[in-house]
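What follows is a single structure, written as structure tokens, with notes after it.
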Amino acid sequence: MSELLVDFITSLDGCASGEGWPGFWGLEGPEYLAWLGEQPKVTYLMGANTYRLMSGFAAGEVPSGQDEFRPEEEASVDELTQAAKVVFSSSLEAPLTWANSTLVREDAVEAVRAMKANGSGLLSTIGSLGLSRSLLRAGLVDRFRVVMFPVITGATGEERIYDGYPDVALEMIEHRTFDGRIQLVEYKPRVLDHPPLHVPE
């Protein structure tokens, strides 16, 4: 059975991106980049918007506000190009042009449920806030990981991750600090029907 990881890179105030900010908010360091390079092989899950954005980067489109990619950003995009990707969309047309991408038109929750039951590797979302939220609501997420960068994007932040989420109890299974400033927290999530009646000891 496959395991499903929801994986986010955020500002401290929970935004997935910010207008005018470079990738990783320009704050990645050698420890963090080395850790990224050590991550196991995964199949990435994404929606149409993330596919359009990331495949555009792979084709050479530079993010707004930048003249060119930094080496760290190029390496990240190249790694994504080589990885297996499953894209859930009713608007995109097959065949997808980005290498190693498979288009799935059926309901994403049911498709991922089947992928988990019939697979053996690690599945991981990338971006795709709506898809991640739907998978969490359906109880399919095994691990919920957030890497928080030390910046508050109160004026420029975009893609607020937790808007529209249910209440979720989180059991911490890992935490780590990279380069003295970047904080990783990883949890086992449990969607709640209502707030708990008492605080766990």
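The values are calculated or read from the model by the stated rules, or taken from the named source; none is laboratory data. What you are looking at is a predicted structure, and each value in this text was computed from that prediction instead of being measured. Quick note on the areas: whole protein, heavy atoms, side chains included, nothing else; ligands and nucleic acids left out. Shrake-Rupley method; radii C 1.70, N 1.55, O 1.52, S 1.80 Å.
Expressed in whole Å with the largest first, what are the equivalent ellipsoid semi-axes of region 1-111 derived from the C-alpha gyration tensor as the square root of 5 times each eigenvalue? List each step's numbers first, then the result.
Values: eigenvalues 117, 61, 42 Å².
Square roots of five times the eigenvalues give 24, 18, 15 Å.
Taking every DSSP beta bridge that has both residues in the chain, what percent is antiparallel when rounded to the nearest 5?
Numbers: 18 of 41 bridges.
So the antiparallel bridges in the chain amount to around 45 percent.
Might you tell me the accessible area per residue for region 91-201, computed with a 1.4 Å probe and given in Å²?
Working: 6580 Å² over 111 residues.
On a per-residue basis, 59 Å².
May I ask you to derive the relative contact order of region 38-101, considering only C-alpha pairs under 8 Å and at least 6 residues apart, and to give it as an integer percent?
Details: 50 pairs, mean separation 31.1, N = 64.
Reported relative contact order: 49 percent.
For region 33-96, divide the Cα radius of gyration by the Kirkwood radius and give the resulting Rg/Rh value with two decimals.
Values: Rg = 12.9 Å, Rh = 13.1 Å.
We get a ratio of 0.99 for region 33-96.
Relative contact order for the chain: what percent, with Cα pairs under 8 Å and sequence separation of 6 or more?
35 percent
Expressed as a whole percent, how much of the Cα-Cα distance distribution for the chain exceeds 21 Å?
55 percent
Go through region 89-106 residue by residue and turn each phi into a ³J(HN,Hα) via Karplus (6.51, -1.76, 1.60, θ = phi - 60°); whole Hz please, and just put x for glycine and proline.
6, 9, 9, 6, 10, 7, x, 6, 8, 6, 3, 6, 10, 10, 8, 10, 9, 6
Starting from the alpha-carbon convex hull of region 97-193, give the projected area averaged over all orientations, in nm².
For region 97-193, the mean projected area of the Cα convex hull comes to 8.9 nm².
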